[in-house]
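See structure below.
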């Protein structure tokens with residue numbers, strides 16, 4: 001699909017998203033307006049709607065991973081879009097998306113909207129079907145394919161894991177993408193700086209492992225572990241994560257994790273991940289340690305049924 005075609009589709013999507021009345025309040029962020037104030041005007045509680053997408057290729061590829069952070073904050077005054085994206089290649093992490101845009105009020109602030117460097121097509125349900133990025137003179141596409149698993153947890157967070165392909169100039173890479181969608185009411189700081197860890201790993205025998213953990217499940221969603229191996233999928237709702245070793249970051253002027261241990265109690269899977277390539281983004285605050293968002297390329301091992309397998313992949317975390 002050409003950039004012009006995707007732009008036209010995105011404009012259509014944007015018009016539908018801005019003008020359509022939502023059919024349901026179910027799910028993350030799909031909520032009615034708060035009761036009107038004393039003057040009879042509707043009052044909107046400031047809310048951030050966050051969609052994260054992690055992509056991990058299957059097999060050897062120049063691209064080793066993708067992380068997209070797409071957030072919109074709805075207030076009385078309108079909608080603030082903050083879209084960021086990074087690609088992991090052999091030389092490390094590089095930015096491929098950085099948009100901050102202010103829009104007017106909308107009736108469906110939880111939906112994804114196009115920006116200067118991002119276009120998208122959506123399904124009949126309003127979910128993203130393909131994401132088109134332009135970084136400088138280069139075009140990239142994240143094609144989202146057949147679902148492998150999808151669920152909403154008790155906090156209202158929505159998770160979806162599906163087949164996907166990352167298309168960059170001269171290369172089309174098959175892989176798996178994980179979507180994580182949450183709504184944060186009156187957030188003190190952007191969601192990507194919150195207390196969570198997400199990881200996507202591939203083992204030497206072709207299995208894919210997904211990990212998600214947070215100290216605040218009521219806001220960011222319940223922890224889980226997920227595995228795809230030999231055409232079969234399995235999901236667990238119990239996951240333990242612990243930082244084993246830290247190092248001082250001169251950029252952040254604080255200690256950061258560099259060795260992480262994890263355990264899936266049933267069926268007794270455990271492993272360790274060592275940070276290889278690192279990228280940090282800090283949030284400016286007036287006092288105290290600065291919250292940060294970290295992207296890692298990790299290597300390590302996973303042990304199951306007495307056998308140890310080598311794993312590698314991507315890990316991202318926020319730390320207030």
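Here the residues 312, 303, 48, ranked from fewest to most Cβ neighbours within 10 Å of their Cβ, fall in the order 303, 312, 48. Highest GNM mean-square fluctuation among 184, 133, 252, for the chain modelled with Cα contacts below 10 Å: 252.
Across the stretch 210-283, C-alpha contacts under 8 Å between residues 6 or more apart give a mean separation that, scaled by the residue count, equals a relative contact order of 20 percent. Per residue, the convex hull spanned by the alpha carbons of the stretch 52-123 comes to 98 Å³. With a Förster radius of 22 Å applied to the C-beta separation of residue 253 and residue 185, the computed FRET efficiency comes to 0.10. A crude spin-label estimate for the pair residue 58 and residue 103, with each label 7 Å from Cα along the Cβ direction, gives 3.3 nm.
Work out, in µm²/s and without decimals, the Stokes-Einstein translational diffusion coefficient of the chain at 4 °C, 1.567 mPa s, Rh from Kirkwood over C-alpha pairs. This corresponds to a translational diffusion coefficient of 63 µm²/s. Net length available on complete extension from residue 301 to residue 205 is 33.3 nm, with 0.36 nm assigned per residue and the Cα-Cα distance removed.
Over the stretch 89-202, the pair-distance histogram of Cα-Cα distances with 10 Å bins from zero comes to 10, 37, 41, 12, 0 percent, rounded to whole numbers. The ranking of 181, 253, 82 by Cβ neighbour count inside 10 Å, starting from the fewest, reads 253, 82, 181. For residue 270 and residue 94, what does the FRET efficiency come to when R0 = 25 Å and r is the distance between their Cβ atoms, rounded to the nearest 0.05? Efficiency computed from Cβ-Cβ geometry: 0.15. For the stretch 188-320, the mean projected area of the C-alpha convex hull, equal to one quarter of the hull surface, is 8.3 nm². Each of 249, 52 has some number of other Cβ atoms within 10 Å of its Cβ, and from fewest to most they run 249, 52.
What is the helix-to-structure angle for 3-19, meaning the angle in degrees between its Cα long axis and the longest Cα principal axis of the chain, kept from 0 to 90 and rounded to the nearest 10? Long axis of 3-19 versus the principal axis of the chain: about 60 degrees.
For the pair residue 234 and residue 261, label points projected 7 Å from Cα toward Cβ lie 2.2 nm apart.
Length gained on full extension, residue 163 to residue 135: 7.7 nm, using 0.36 nm per residue less the C-alpha separation. Do you know the relative contact order of the chain, to the nearest whole percent, from alpha carbon pairs under 8 angstrom that are 6+ apart? Over the chain, the number comes to 14 percent.
Any read-out appearing in this document is the output of simple, stated calculations on the displayed coordinates, not a laboratory observation. Not measured: the values here are computed from a predicted model. Note: ideal-geometry Cβ built from the backbone for every residue, glycine included; neighbour counts use all protein chains shown.
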